[in-house]
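Asks: Quick one: the structure is below, and I'll ask about it shortly.
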Amino acid sequence: MKRLRRMKFVRFEYEENTFFGLLEGQQIEIWSKAPWDYGQASGQTVTLDEVTLLSPSVPGKVIATAVNYPGATGLTEKTKEPLVFLKPSTSVIGPEESIVSPFPEIEAWGECELALVIGKKISKADISEAKGAIFGYTIGNDVSCENVFGWDHHLARSKGADTFCVLGPWIDTDFDPKGKYICGYHNDILIREGYCNERIWQEPELLVWLSSWITLEPGDVILTGAPSRVRERLYFLDGDRFTVKIDGLGELSNPFFQS
């Protein structure tokens with residue numbers, strides 16, 4: 001796939017149809033398909049205030065990286081490789097969509113994360129191939145709930161419910177994570193903060209390791225872990241809001257409700 005100039009790609013709903021598009025200022029140029037699926041610019045434009053932004057990718061899979069910042073719970077000097085888990089594509093929602101927990105008696109919370117989007121298929125990649133497979137970056141909220149009975153060892157129930165993976169608002173093809181501040185707010189209370197370059201396992205090495213045992217495909221999303229908490233965890237109540245901010249990349253905010 002040919003490398004494009006720096007671009008911000010969005011996926012959006014307009015007049016009851018869903019499109020991919022290139023965002024420039026307040027204008028969106030509609031594309032025929034996803035850019036990693038050989039989409040092309042159509043020449044037709046709409047304005048940002050005419051559309052509803054959706055998750056910028058429809059990933060076949062979301063791979064989430066756990067305990068990936070200094071001070072993270074569970075991190076020890078014996079940690080020799082990344083710890084990852086999967087979130088299903090059905091868990092993905094976009095900006096301002098409601099996070100809805102199906103577990104009324106289980107506490108839930110949000111986690112602020114940098115996410116990268118895969119632009120080309122790789123398997124057993126080397127460093128160069130892994131670098132070339134990164135289409136761009138977006139923002140993620142790894143919504144989670146308590147591990148029911150302590151036996152949800154693969155986190156499928158705790159992490160994989162519908163609406164438990166928030167992505168958006170766009171994909172920046174030339175974002176540089178180095179030195180970028182990341183933070184998460186529960187309503188207006190700062191919960192987590194750090195810098196993206198503090199991550200223990202970073203790309204492209206993270207993608208080399210992942211692709212050594214799982215094929216990464218265009219549109220797939222890698223969540224790269226949440227920075228450490230700066231205060232005790234807060235749990236969602238009806239009407240609460242969780243907001244993720246990453247310098248130079250934007251802001252992602254969503255309300256929470258119990259089903």
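The values are calculated or read from the model by the stated rules, or taken from the named source; none is laboratory data. These numbers come from a predicted model, not from an experiment. Note that we place each Cβ from the backbone using ideal geometry, even for glycine, and neighbour counts take in every protein chain shown.
Asks: Say we look at the range 235-259 and pick out the residues that are of a type in the set (Gly, Ala, Ser) and touching a residue at least 24 places away in the same chain (Cβ under 8 Å); which of these is farthest from Phe9 (Cα to Cα)?
Replies: Going through the range 235-259, the residues of a type in the set (Gly, Ala, Ser) turn out to be 239, 248, 250, 253, 259.
Applying the additional criterion that residues be touching a residue at least 24 places away in the same chain (Cβ under 8 Å) yields 248, 250, 253, 259.
Values: Gly248: 15, Gly250: 13, Ser253: 18, Ser259: 32 Å.
Among those residues, the one meeting the criterion is Ser259.
Each row is one residue, and each column tells you yes or no for (1) among the aliphatic types (A, V, I, L, M); (2) within 17 Å of the chain's Cα centre (by Cα); (3) within 14 Å of Gly140 (Cβ to Cβ); (4) in the same structural domain as Ala133 (by TED's automatic domain parsing).
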| position | (1), (2), (3), (4) |
| --- | --- |
| Asn187 | no, no, no, yes |
| Ile191 | yes, no, no, yes |
| Trp201 | no, yes, no, yes |
| Ser212 | no, no, no, yes |
| Gly219 | no, yes, no, yes |
| Leu223 | yes, yes, yes, yes |
| Ala226 | yes, yes, yes, yes |
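Asks: Could you tell me whether Trp209 is more than 17 Å from Ala108 (Cβ to Cβ) and not in a loop (DSSP other than H, G, I, E, B)? Break it down stepwise before answering.
Replies: Numbers: more than 17 Å from Ala108 (Cβ to Cβ): yes; not in a loop (DSSP other than H, G, I, E, B): yes.
Judged against the criteria, Trp209 is a match.
Asks: Can you name the residue in the range 101-158 that is assigned to a strand (DSSP E or B) and polar (S, T, N, Q) and, of all such residues, is surrounded by the most Cβ atoms within 10 Å (Cβ to Cβ)?
Replies: Restricting attention to the range 101-158, the residues satisfying the condition of being assigned to a strand (DSSP E or B) are 101, 108-109, 112-118, 122, 134-142, 144-145.
Those left that are additionally polar (S, T, N, Q): 101, 138, 141, 144.
Details: Ser101: 21, Thr138: 29, Asn141: 27, Ser144: 21.
So the residue we want is Thr138.
Asks: Pull up the range 139-166, narrow it to residues that are among the hydroxyl-bearing types (Ser, Thr, Tyr) and out of contact with any Gly (no Cβ under 9 Å at 6 or more places or on another chain), then point me to the one that is nearest to Thr65 (Cα to Cα).
Replies: Start the filter on the range 139-166 by keeping residues that are among the hydroxyl-bearing types (Ser, Thr, Tyr), which leaves 144, 158, 163.
Retained after the next criterion (residues that are out of contact with any Gly (no Cβ under 9 Å at 6 or more places or on another chain)): 158, 163.
Numbers: Ser158: 15, Thr163: 18 Å.
Within the range 139-166, the match that is nearest to Thr65 (Cα to Cα) is Ser158.
Asks: Turning to a different aspect of this structure: Tell me whether the range 62-77 contains one or more residues that are of a type outside the set (Lys, Arg), under 13 Å from the mean Cα position of the chain (by Cα) and surrounded by fewer than 18 Cβ atoms within 10 Å (Cβ to Cβ).
Replies: no
Asks: Looking at (1) under 28 Å from Leu22 (Cβ atoms); (2) part of a loop (DSSP other than H, G, I, E, B), can you tell me which one Val46 breaks?
Replies: (2)
Asks: For the range 83-98, indicate whether the set of residues that are of a type in the set (Asp, Glu) and part of a helix (DSSP H, G or I) is non-empty. Explain how you work it out, then say what you get.
Replies: Restricting attention to the range 83-98, the residues satisfying the condition of being of a type in the set (Asp, Glu) are 96-97.
Next, only the ones that are part of a helix (DSSP H, G or I) stay: none.
Taking every residue of the range 83-98 in turn, none turns out to be of a type in the set (Asp, Glu) and part of a helix (DSSP H, G or I).
Asks: Enumerate the pairs (first residue in the range 77-103 and within 17 Å of Phe236 (Cα to Cα); second residue anywhere and outside any strand (DSSP E or B) and modelled with pLDDT of 95 or more) with beta-carbon separation below 6 Å, excluding pairs fewer than 6 apart on the same chain, so at least 6 apart or on different chains.
Replies: Ile99/Val143; Ile99/Thr163; Val100/Thr163; Pro102/Ala161
Asks: Moving on to the next point. Determine whether Ile189 is of a type outside the set (Asp, Glu) and either touching a Pro at 6+ places or on another chain (Cβ under 8 Å) or crowded, with 21+ Cβ neighbours inside 10 Å (or both). So that I can check it myself, show each step before the final result.
Replies: Working: of a type outside the set (Asp, Glu): yes; either touching a Pro at 6+ places or on another chain (Cβ under 8 Å) or crowded, with 21+ Cβ neighbours inside 10 Å (or both): no.
In short, no.
Asks: Could you tell me whether any residue of the range 66-82 is of a type in the set (Val, Ile, Thr) and either modelled with pLDDT of 95 or more or closer than 21 Å to Phe135 by Cβ (or both)?
Replies: Here is the first cut: in the range 66-82, the residues of a type in the set (Val, Ile, Thr) are 67, 73, 76, 79.
From what's left, either modelled with pLDDT of 95 or more or closer than 21 Å to Phe135 by Cβ (or both): none.
Among the residues of the range 66-82, not one is of a type in the set (Val, Ile, Thr) and either modelled with pLDDT of 95 or more or closer than 21 Å to Phe135 by Cβ (or both), which makes the answer no.
Asks: Also, I was wondering about something else. Out of all the residues in the range 217-256, which are over 15 Å from His186 (Cβ atoms) and part of a strand (DSSP E or B)?
Replies: The answer is Val221, Ile222, Leu223, Ile246, Gly250.
Asks: Next up: So which residues in the range 8-43 are part of a loop (DSSP other than H, G, I, E, B) and surrounded by fewer than 17 Cβ atoms within 10 Å (Cβ to Cβ), if there are any at all? Spell out the reasoning first.
Replies: So in the range 8-43, the residues part of a loop (DSSP other than H, G, I, E, B) come out as 15-16, 25-26, 32-34, 38-40.
Of everything in the range 8-43, those that are part of a loop (DSSP other than H, G, I, E, B) and surrounded by fewer than 17 Cβ atoms within 10 Å (Cβ to Cβ) turn out to be Glu15, Glu16, Gly25, Gln26, Ser32, Lys33, Tyr38, Gln40.
Asks: Follow-up question, since we're still on this one. In the range 234-259, which residues are within 20 Å of Gly160 (Cβ to Cβ), surrounded by fewer than 16 Cβ atoms within 10 Å (Cβ to Cβ) and at pLDDT 95 or above?
Replies: Tyr235, Phe257
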